[in-house]
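Peer 1: Right, I'll just put the structure down here and ask away after.
The values are calculated or read from the model by the stated rules, or taken from the named source; none is laboratory data. Here the structure is a predicted model, which is why all the values come from computation and not from measurement. Cβ placement follows ideal geometry from the backbone for every residue including glycine, while neighbour counts extend to all protein chains displayed. Only protein heavy atoms, including side chains, enter the accessible area calculation; ligands, DNA and RNA are left aside. Shrake-Rupley method; radii C 1.70, N 1.55, O 1.52, S 1.80 Å.
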Amino acid sequence: MGREILLVEDNRVMQLLMRKKLSSRGYHVITAIDGIDALKQLENTPSIQLVLSDWMMPKLNGIELCYYLKSPEYGRYIFFVLLSGRDDKESIVEGINAGADDFVAKDTSIDELDARLKAGFRSLELHNQLVAKNIELDQAYATIRQDLDSANQLLQRMLPSQKMFQGVELHYTHIPSAQIGGDMLGCMQLDEDHIAAYLFDVAGHGVTSALMSFSIQQSINSNSTYESNVKSRKETDPFYSLREPSEVLTRLNLSYINQGDNNLYFTMIYLVLNTKTGRLNYAFAGHPPMVWQQKSQQVCRFVKQESFVAGMFDFAHYQTEQIQLGQGDRIFLYSDGITEAESADKQQYSEQSLKQRIQELAEQPINKQSDTLVATLKSWSGTTKFDDDISLLALEWNGN
């Protein structure tokens, strides 16, 4: 960094004397006769960062100049040394309160003044290094933010594109948190008579959780004709059988145990619906209960299981259970980002509130009902940017 100084002094003789002394110590001195002239010189020479200014001057005095240069509106950092014929304590306090970085009496020896200016330039060097580092960090953060946005867009593209199946309609909402998260949901045709639906939530946020979410999604959707996590091979036609939901969760659990040192785990619900009969098989891995809206009885109830999360315990056991849907019944899967969303007074929305709201909106079409549920949550919490992912998948069986 250069050793430029803007010397602001209205007394021509004193200005000449100070300039000569400072130049003899290797400083490049630019002069101004008052505060107004100083502002012009600073504008014309953007490289100046140290100002040595007299106190008493016409038009704009040293204190006023200091206030202006230290204000948030001024666009650059200036190290300001106030130069005065007064060396009393009150004057020093007034100068420092104005924002001056140092206070020097005019009769101070050139050796002391030189030492103080060197200290000022050292402070400027540290400041400039910090600014440069912050610029690098801002650029790095912008790159990371762009990468995270791209990753979020990639995860969004992995959401279901098909919303209508034979006898089945589904609707979903997925709102990523401020950070890239680990929620994912999906629905796929397994064969002519069956579809699978699922929702899982990887612990934590950030790139690691998102990568694990992507990996789990690929593990489920690698739906080959004969052998995959959701199908097993048979020797006779049709040469495959559908795996029970509990077996699907067991396979995923064992696949993700001890995957590196990240200690990540996930909760999940996986279900298989016979689209002709309405028979629904399901299994949970530590996931919140699903809501079953029964049209004929005009009630909503929780369907849940006590179970281990996936990806943590090799002894975890999962159980397949079954319910029979009636025509027009709906199933709601969701992540805890909904039920643990907080209001302004730190109250959580809760599973019970969600179930009650589903019941209140039961007469609405499934797409409008789902959208209204999310709108209710936004209104209740007073935000559209949540700390956790918001995921909701609603499925309606309309009969054969």
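Peer 1: Please list GLU43, GLU136 from largest to smallest accessible area, probe radius 1.4 Å, with all protein chains kept in place. Could the numbers behind the result be given before it?
Peer 2: Values: GLU43 140, GLU136 105 Å².
Heavy-atom accessible area, descending, gives GLU43, GLU136.
Peer 1: Would you compute, from DSSP H runs of 4+ residues alone, the mean residue ellipticity of the chain at 222 nm, taking -39500 (n - 2.57) per run and dividing by the full residue count, rounded to the nearest 500? Walk me through the numbers on the way to the answer.
Peer 2: Values: 10 runs with 145 residues, N = 400.
Mean residue ellipticity, 222 nm, calculated: -12000 deg cm²/dmol.
Peer 1: Output ³J(HN,Hα) for the stretch 46-54: one whole-Hz value per residue in order, computed from phi by the Karplus curve 6.51 cos²θ - 1.76 cosθ + 1.60 with θ = phi - 60°, and x for Gly and Pro.
Peer 2: Each residue of the stretch 46-54 in turn: x, 6, 5, 10, 10, 10, 10, 10, 5 Hz.
Peer 1: Can I ask one more? Roughly speaking, what is the centre-to-centre gap between the stretch 162-217 and the stretch 373-391 when only Cα atoms are used, to the nearest Å?
Peer 2: When both Cα centres are located, 18 Å separates them.
Peer 1: Let me ask another. Dipole size in debye (nearest 20) for the chain around its Cα centre, Lys and Arg Cβ +1, Asp and Glu Cβ -1?
Peer 2: On the way: 37 positive and 52 negative charges, 91 e Å.
Charge dipole, the chain, about its Cα centre: 440 debye, nearest 20.
Peer 1: In addition: Alpha carbon centre of the stretch 341-372 versus the stretch 305-334: separation in Å?
Peer 2: So the separation of the two Cα centres works out to 21 Å.
Peer 1: Let me ask something additional. Out of GLY286, GLN297, VAL309, whose Cα points farthest toward the positive end of the dipole of the stretch 280-347 (charges: +1 Lys, Arg; -1 Asp, Glu; placed on Cβ)?
Peer 2: Going by the charge dipole, the pick is GLN297.
Peer 1: Moving on to the next point. Whose amide H sits under 5 Å from the amide H of HIS287, counting only residues 5 or more places off or on another chain, with H placed in the peptide plane?
Peer 2: Placed amide hydrogens put MET268 under 5 Å from HIS287.
Peer 1: Just to confirm the number: angle between the C-alpha axis of helix 245-256 and the first principal axis of the chain, 0 to 90 degrees, nearest 10?
Peer 2: Here the helix axis deviates by roughly 40 degrees.
Peer 1: So what's the stretch 274-379 giving for Cα Rg divided by 2.2 N^0.38 Å, two decimals? Please list the in-between numbers first.
Peer 2: Numbers: Rg = 15.3 Å, N = 106, 2.2 N^0.38 = 12.9 Å.
Computed over Cα atoms of the stretch 274-379, the ratio equals 1.18.
Peer 1: Using the Cα centre of the stretch 1-134 as origin and beta-carbon charges of +1 (Lys, Arg) and -1 (Asp, Glu), tell me which of GLY85, LEU126, CYS66 is placed farthest towards the positive end of the dipole.
Peer 2: Result: LEU126.
Peer 1: Could you tell me how many degrees, from 0 to 90 and to the nearest 10, lie between the Cα long axis of helix 110-157 and the main elongation axis, the longest principal axis, of the Cα atoms of the chain?
Peer 2: Helix 110-157 sits roughly 20 degrees off the main axis of the chain.
Peer 1: Using per-residue counts of other Cβ atoms within 10 Å, averaged over each peptide, order 205-216, 16-27 from highest down.
Peer 2: Details: 205-216: 18.7, 16-27: 14.6.
Most protected by this proxy first, the peptides run 205-216, 16-27.
Peer 1: From Cα pairs below 8 angstrom and at least 6 apart in sequence, can you work out the relative contact order of the chain, rounded to a whole percent?
Peer 2: On the way: 740 pairs, mean separation 52.8, N = 400.
Over the chain, the number comes to 13 percent.
Peer 1: Let me ask you something else. With a 1.4 Å probe and all protein chains left in place, how much of the accessible area of the stretch 1-122 comes from carbon and sulfur atoms, in whole percent? Can you show the working numbers first?
Peer 2: Details: 3310 of 6290 Å².
Using a 1.4 Å probe with all protein chains present, the stretch 1-122 comes out at 53 percent carbon and sulfur.
Peer 1: Could you state how much accessible area ASP191 has, in square angstrom rounded to the nearest 10, with a 1.4 Å probe and all protein chains kept in place?
Peer 2: 30
Peer 1: Please list, ordered by chain and number, the residues whose modelled amide H lies under 5 Å from the amide H of GLN319; skip anything fewer than 5 residues away on the same chain.
Peer 2: For GLN319, whose amide H was placed from the backbone, the distant partners under 5 Å are PHE284.
Peer 1: If you don't mind, there's one more thing I want to ask. Give me the dipole magnitude in Debye, nearest 20, for the stretch 228-382 about the Cα centre, with unit charges on the beta carbon: positive for Lys and Arg, negative for Asp and Glu. Present the calculation step by step, with values, prior to reporting the outcome.
Peer 2: On the way: 16 positive and 17 negative charges, 106 e Å.
Here the stretch 228-382 has a charge dipole of around 520 debye.
Peer 1: Just reorder VAL13, VAL8 by solvent-accessible area, largest first, 1.4 Å probe, all chains present.
Peer 2: On the way: VAL13 115, VAL8 0 Å².
So the residues, ranked largest to smallest area, are VAL13, VAL8.
Peer 1: What accessible area, in Å² to the nearest ten, does a 1.4 Å probe give for ASP193?
Peer 2: 50
Peer 1: By average Cβ neighbour count within 10 Å, what is the ranking of 275-287, 380-392 from highest down?
Peer 2: On the way: 275-287: 20.9, 380-392: 17.8.
Listed from highest to lowest mean packing, they are 275-287, 380-392.
Peer 1: Write down the accessible area per residue of the stretch 314-383 in Å², having rolled a 1.4 Å probe over the full set of protein chains.
Peer 2: Values: 3620 Å² over 70 residues.
With the other protein chains kept in place, the stretch 314-383 gives 52 Å² per residue.
Peer 1: Also, I was wondering about something else. Treating the angle as unsigned and between 0 and 90°, give the value, to the nearest 10°, between the Cα long axis of helix 35-44 and the longest Cα principal axis of the chain.
Peer 2: Orientation of helix 35-44: about 60 degrees from the principal axis.
Peer 1: If I compute solvent accessible area with a 1.4 Å probe over the protein chains, what percent of it on the stretch 241-347 is carbon and sulfur? Can you show the working numbers first?
Peer 2: Numbers: 2100 of 4950 Å².
Carbon and sulfur together cover 42 percent of it.
Peer 1: About its Cα centre, how strong a charge dipole does the stretch 98-169 have in debye, to the nearest 20, once Lys and Arg get +1 and Asp and Glu get -1 at the Cβ? Let's see the in-between values first.
Peer 2: Numbers: 8 positive and 12 negative charges, 96 e Å.
Here the size comes out at about 460 debye.
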